[in-house]
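Data block below; observations after.
The values are calculated or read from the model by the stated rules, or taken from the named source; none is laboratory data. Computed from a prediction, not measured in an experiment: that's the story for all the values here. Glycine also receives a Cβ, built like all others from the backbone with ideal geometry; neighbour counts cover every protein chain displayed.
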Amino acid sequence: MEEKSHKPPFRSHILVFLAPAFLIYTSFMVIPLFGTLQMSLYSQIDGVQKFVGLANFATLFGDERWAQSFWNALVNNTWFFVIHMLVQNPIGILLAALLSSNKLRMRAFYRTSIFIPTILSFVIVGFAWKLILSPLWGVAPSMLDAIGLKSLFAPWLGKEEYALTTLALISVWQFVGIPMMLIYAAMLSIPDEVLEAAECDGLSGNAQFWKIKLPLILPSIGIISILTFVGNFNAFDLIYSAQGALAGPNYSTDVLGTFMFRTFFGFQLQLGDPNMGSAIASAMFFIILCGVSIYLFGIQTRLRRYQF
């Protein structure tokens, strides 16, 4: 007699638990996304929305005025991301390594102190640091003067060459707790047997971190890199609260988010153009999609090399 194949029963309760999240995500993310993509293909002509295809994108990339603003914002976004990758994530890994050390006391206090800024509002952080760094009423000049380094002070948020880097470092200060906690959790998940075996082989301290812990937490570092990429190319709140919609001085801190905001809603005497704003938002979406896809493709390619 042939054995009957036993198919696992369909668990309908899974759909019940997934339905609320699916409906909320679809309503507030997927539908607006497709609405934005659709709006970018239209333009208001004589008070009527008419289909123009890719004309808005041709204007965005081909018109000298639009293209200059777009590429300036994109370059600033890229630099904003590079600062986070070179400063925030290495510091987060270092802090996680220190917190995972058994010799460190008051680890809970340090974890909480470093993570607290991540729950603060962007508006609070932006205005607070703007006050701190103000050359007129800020505390930074007096603090540097107290230690004899007042000559190093400059209006960092008021100079074109320093403003964007300063805002990126402020963002690093606010969010360094996220990679720290993710890497710290990844280190705690490493089995004790692995670490004990490494100690038996004579690996301890820095050598154990570089040869044992770091290779095991690389997947977490990859996830953090993706989150950093997506978060930085969606940056808006901190720059808007600190530098305003014009992202001064002279658009030196302008990113795609502030550029899209001014275009979509208008600012001061400038009237808003929702269709061109949607084109900028769509460009942001495709940039993020390409970046994430390249990363995932690279990871999948690397995994195939280790297949039998």
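A few comments on the model shown:
- Some residue of region 225-245 being of a type in the set (A, V, I, L, M, F, W, C), at pLDDT below 90 and part of a loop (DSSP other than H, G, I, E, B): yes
- Pick from region 87-118, criterion in a helix (DSSP H, G or I) and polar (S, T, N, Q), ranking: surrounded by the most Cβ atoms within 10 Å (Cβ to Cβ): Gln88
- Residue match in region 44-62 (condition: within 29 Å of Tyr251 (Cα to Cα), in contact (Cβ under 8 Å) with a residue 24 or more places away in the chain and not in a helix (DSSP H, G or I)): yes
- For region 156-179, the count of residues that are in the same structural domain as Leu98 (by TED's automatic domain parsing), loosely packed, with under 15 Cβ neighbours inside 10 Å, in contact with a helix residue (DSSP H, G or I) (Cβ under 7 Å, 6 or more places away or on another chain) and not hydroxyl-bearing (Ser, Thr, Tyr) is zero.
- Residues located in region 190-213, provided they are farther than 19 Å from Lys103 by Cβ and surrounded by 10 or more Cβ atoms within 10 Å (Cβ to Cβ): Val194, Ala197, Asp201, Lys211
- Which numbered condition Lys130 fails, given (1) in contact with a helix residue (DSSP H, G or I) (Cβ under 6 Å, 6 or more places away or on another chain); (2) within 27 Å of Leu218 (Cα to Cα); (3) of a type in the set (Lys, Arg): (2)
- Residue satisfying condition, being under 20 Å from the mean Cα position of the chain (by Cα) and either under 25 Å from Ala73 (Cα atoms) or not in a helix (DSSP H, G or I) (or both), within set Thr263, Thr258: Thr258
- Condition check for Val48: modelled with pLDDT of 90 or more and on the phi < 0 side of the Ramachandran plot: no
- Number of positions in region 119-129 that are in contact (Cβ under 8 Å) with a residue 12 or more places away in the chain and surrounded by fewer than 15 Cβ atoms within 10 Å (Cβ to Cβ): 3
- Residues of region 251-301 that are modelled with pLDDT under 80, surrounded by 11 or more Cβ atoms within 10 Å (Cβ to Cβ) and of a type outside the set (S, T, N, Q): Gly298, Ile299.
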